Amino acid sequence: MMQQVIKITTHKRNELVDITQEVNKIVSEANIETGIVNVYVQGATAGIMIQENWDESVQRDVISLLSKLIPAGVWEHDAQDDNGDSHLKAGIVGPGECIPVINGKMGLSTWQNIFLCEFDGPRNTRNIVVTVMG
Amino acid sequence: MMQQVIKITTHKRNELVDITQEVNKIVSEANIETGIVNVYVQGATAGIMIQENWDESVQRDVISLLSKLIPAGVWEHDAQDDNGDSHLKAGIVGPGECIPVINGKMGLSTWQNIFLCEFDGPRNTRNIVVTVMG
Amino acid sequence: MMQQVIKITTHKRNELVDITQEVNKIVSEANIETGIVNVYVQGATAGIMIQENWDESVQRDVISLLSKLIPAGVWEHDAQDDNGDSHLKAGIVGPGECIPVINGKMGLSTWQNIFLCEFDGPRNTRNIVVTVMG
């Protein structure tokens, strides 16, 4: 069992940030051969998505898709914080993923990377809690 | 390790019910310092979503969004049960979330609460299985 | 703790394949009374969804819905692989689910089954990693 927090600074309102290397490092240090790792972002306007990282095209497509499905400025919550779309995107994507640990490494396939999805940035600090269990 | 079932009554066809306090109670009783808690709803027409709970606006926006993206009455399954939209909403939201346990408490941020999403209510009983592992 | 890989062949570009029996078998062999099972598909163009299995209507409705929300052929990534829609569907559905283990069996309700969602088939082999923890 190991638990650590990754801190990420974001720079745009909507942005995908690859955190695979940071999670890899924690899984390595955990010295657990077989199990799962849970990656969970705190804050109700961000999410975690497993996605391809061949280039940045899929990341931009994710933002385009979500902005089309969940447009800004048309929600009841906009009367409070003007970020109803951010909450809805975060709710649909979800705050976390569990990934198997196989032979001491994450069981991601070649093109699967872990992305922090920022939907209400920029933010100085997004806290991502990584828990490795075996 | 602790596992308990939360039983919730729902009152509308589409409704978000905050179950954070019920899950908090189980995590407290589990006496686990570090780990994860899995929250899972049984039934193929409900889901679990982490979402803001400042007021009820985001909860209503979630229902509006899903009803816009997944309209009622236009699905092949409606010929059986007339609830094709309920199944599709449940599939997209998903039946469960894993949340880290940090220092004996759930690692939710200030505005993150856990919601049962009812998509085919009202129902006398929705069973939510809570499993705390450390 | 038990970890095994299920190998599935898919036959269509978009297809839902019921893998509940295969996961049940692994959970039985794990001899774990209480805990969770994580079901995770490798590959950035597939997902795991819990969904009804009364007949195949909901499975076809899932494919119709996702094709309507995420049309093919209109994404930046299509310039690379012509499968931008496959990645986006996989990202929204997500690669995994955690299901509680109760009295040695999966805590699925009557109509909840586990489906591999193929979004870029046919494929000779989709690897699904099943990890049972108690």
- Query: Out of all the residues in segment A:28-82, which are of a type in the set (Gly, Ala, Ser), open to solvent by 10 Å² or more (accessible area, probe 1.4 Å), at negative phi and in contact with an Asp or Glu (Cβ under 9 Å, 6 or more places away or on another chain)?
  - Reply: A:Ala44, A:Ser64, A:Ser67, A:Ala72
- Query: Can you name every residue in segment A:105-133 that is of a type outside the set (A, V, I, L, M, F, W, C), in a loop (DSSP other than H, G, I, E, B) and within 12 Å of chain C (Cβ to nearest Cβ)?
  - Reply: A:Gly107, A:Ser109, A:Thr110
- Query: Residues of segment B:99-121 being open to solvent by 10 Å² or more (accessible area, probe 1.4 Å) and under 17 Å from B:Ile6 (Cβ atoms), which ones?
  - Reply: B:Met106, B:Leu108, B:Asn113, B:Gly121
- Of all residues in segment B:83-95, which are surrounded by fewer than 24 Cβ atoms within 10 Å (Cβ to Cβ) and either among the polar types (S, T, N, Q) or more than 9 Å from chain A (Cβ to nearest Cβ) (or both)? B:Asn83
- Query: Do we find that A:Gln3 is crowded, with 16+ Cβ neighbours inside 10 Å, more than 14 Å from chain C (Cβ to nearest Cβ) and either not in a strand (DSSP E or B) or not hydroxyl-bearing (Ser, Thr, Tyr) (or both) in this structure?
  - Reply: yes
- Query: Quick one: what pairs do we get from segment A:65-82, first residue free of Cβ contacts under 8 Å to residues at least 12 places away in the same chain and within 9 Å of another protein chain (Cβ to nearest Cβ), second among the polar types (S, T, N, Q) and not in a loop (DSSP other than H, G, I, E, B), C-beta under 6 Å, 6+ apart or different chains?
  - Reply: A:Glu76/B:Ser57; A:His77/B:Ser57
- Message: With the requirement that a residue be without any contact (Cβ under 8 Å) to a residue 60 or more places away in the chain and among the small types (Gly, Ala, Ser), what does segment A:105-134 give you?
- Response: A:Gly107, A:Ser109
- Task: Check whether at least one residue in segment C:15-30 is in contact with a Lys or Arg (Cβ under 6 Å, 6 or more places away or on another chain), within 16 Å of C:Leu116 (Cβ to Cβ), part of a loop (DSSP other than H, G, I, E, B) and at pLDDT 95 or above, and report yes or no.
- Result: no
- Query: What number of residues within segment B:22-58 are farther than 17 Å from A:Pro95 by Cβ and either of a type in the set (A, V, I, L, M) or within 14 Å of chain C (Cβ to nearest Cβ) (or both)?
  - Reply: 8
- Query: Looking at segment C:1-14, which of its residues are within 14 Å of C:Phe119 (Cα to Cα) and either of a type in the set (D, E, K, R) or in contact with an Asp or Glu (Cβ under 9 Å, 6 or more places away or on another chain) (or both)?
  - Reply: C:Ile8, C:Thr10, C:His11, C:Lys12, C:Arg13, C:Asn14
- Query: For residues in segment A:23-79 being among the β-branched types (Val, Ile, Thr) and out of contact with any Gly (no Cβ under 9 Å at 6 or more places or on another chain), which is nearest to C:Ser67 (Cα to Cα)?
  - Reply: A:Ile63
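The values are calculated or read from the model by the stated rules, or taken from the named source; none is laboratory data. Everything numeric in this text was worked out from a predicted model, so none of it was measured. Glycine gets a Cβ as well: all are built from the backbone with ideal geometry, and neighbour counts include every protein chain shown. Note: areas computed on protein heavy atoms with side chains; ligands, DNA, RNA excluded. Shrake-Rupley method; radii C 1.70, N 1.55, O 1.52, S 1.80 Å.
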